[in-house]
Amino acid sequence: MGLGGYLTWTAAAKEIHQKYGVKMIPIEVHMGQSSAGDEIPLTRLKKDEMFRNNPHIVQEFGEEHGIQVKLNGSSANYVEKDDYHKVTHKSDSHIIETICKTVGIENPQLKCELYLDDNEKKEIDFHLKNLPRYFITVEPYSNLDFTLNRGYPFEKWQMIVDDIAEKTGLPVVQIGVSPSLLKNVIDYRKRTSFRVASGIIDASQCLVSAEGGLTHLSTTTSTPAIVVLTGYQSQKMVDYPTNYYIDISSHGPCGMKVHCPECAEDSKNHDYNEVVNKVCNVIEGL
């Protein structure tokens with residue numbers, strides 16, 4: 001599970017605290033060995049940077065009572081089946097809804113939470129002094145370690161950046177961890193932590209991104225994201241009401257971890273102007 005995945009649990013934690021009056025205790029269960037050599041389940045408290053300072057989540061055993069929620073349990077996992085070449089997702093509901101159903105909560109708010117500390121806020125202020133007052137953030141890179149099929153052609157990202165800069169008159173700041181740098185952008189790759197990146201997004205007019213961790217992170221801010229979505233997964237799983245989705249798929253959700261010819265063909269044939277137009281419309285509506 002990546003940082004975006006852990007962020008979705010913050011939405012569930014808030015719902016748990018509001019409904020039951022206790023905090024969520026995030027645990028993971030892994031198989032280990034006893035001193036006698038027997039295989040036994042071992043429970044550990046899951047600590048993650050996405051949970052830091054969160055008033056709805058316990059990060060120390062013995063801190064206080066709460067509801068233990070198994071993060072790596074099958075019922076809360078949005079993956080139904082995982083084969084070597086393909087995953088089958090629980091595509092009929094949002095990831096946050098899937099999590100919340102396991103603790104008896106229906107219709108949760110689809111919004112992640114992040115609680116920055118004073119040092120992180122000061123760091124954000126420092127960065128913003130070095131950036132234009134108004135700008136657009138962009139992240140053209142989606143983590144391809146698990147699947148090749150969430151990506152969108154880099155050359156089309158370049159055309160998107162060129163056109164939105166010309167049409168909106170706003171500078172574009174490239175954030176995230178992409179190994180490739182777009183032209184005509186302010187390079188802010190790898191200059192902040194994931195948490196601090198939320199402040200850069202929050203200060204921007206909008207985020208334009210492939211589906212991934214930053215599109216979950218954007219929901220912790222007041223900034224909308226325009227998200228390019230391929231046929232790898234269904235929109236319903238990640239459809240936040242504050243974001244806008246450009247679904248380029250003609251098939252799917254395929255869940256393919258190996259190369260999917262249909263995903264590749266969709267990316268090749270998609271008119272990037274659809275993304276540009278959506279960005280311009282969102283900017284005009286602010």
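Descriptive notes on the structure:
- Taking the criterion of being loosely packed, with under 15 Cβ neighbours inside 10 Å and part of a strand (DSSP E or B), the residues of the range 70-84 that qualify are Val79, Glu80, Lys81, Asp82.
- A single entry from Thr88, Thr137 fulfils the requirement of being assigned to a strand (DSSP E or B), in contact with a Cys (Cβ under 8 Å, 6 or more places away or on another chain) and of a type in the set (S, T, N, Q): Thr137.
- Selection within the range 222-276: residues that are among the charged types (D, E, K, R) and assigned to a loop (DSSP other than H, G, I, E, B). The member of this set that is nearest to the chain's Cα centre (by Cα) is Asp239.
- Identity of the residue in the range 193-210, buried (at least 24 other Cβ atoms within 10 Å of the Cβ) and under 22 Å from His270 (Cα atoms), that ends up farthest from the chain's Cα centre (by Cα): Cys206
- Applying the criterion of being out of contact with any strand residue (DSSP E or B) (no Cβ under 8 Å at 6 or more places or on another chain) and under 17 Å from His251 (Cα atoms) to the residues of the range 85-107, the residue that is surrounded by the most Cβ atoms within 10 Å (Cβ to Cβ) is Ser91.
- Some residue of the range 182-190 being polar (S, T, N, Q), free of Cβ contacts under 8 Å to residues at least 60 places away in the same chain, assigned to a loop (DSSP other than H, G, I, E, B) and under 21 Å from Pro153 (Cα atoms): yes
- Subset of the range 5-47 [part of a loop (DSSP other than H, G, I, E, B) and farther than 23 Å from Ile105 by Cα]: Ser34, Ser35, Ala36, Gly37, Asp38, Lys47
- Filter pass, Thr220 being of a type in the set (S, T, N, Q), in contact with an Asp or Glu (Cβ under 9 Å, 6 or more places away or on another chain) and touching a residue at least 24 places away in the same chain (Cβ under 8 Å): yes
- Sole exception among (1) touching a residue at least 60 places away in the same chain (Cβ under 8 Å); (2) closer than 25 Å to Phe135 by Cβ; (3) among the β-branched types (Val, Ile, Thr); (4) out of contact with any Asp or Glu (no Cβ under 7 Å at 6 or more places or on another chain) for Val258, by number: (2)
- Where Ile67 falls short, out of the listed (1) over 23 Å from Gly231 (Cα atoms); (2) in a loop (DSSP other than H, G, I, E, B); (3) not basic (Lys, Arg): (2)
Rule-based calculations on the coordinates, nothing more; no lab input. Note that the structure is a prediction, hence the values are computed from the model and not measured. Positions of Cβ are backbone-derived with ideal geometry, glycine not excepted, and every protein chain shown enters the neighbour counts.
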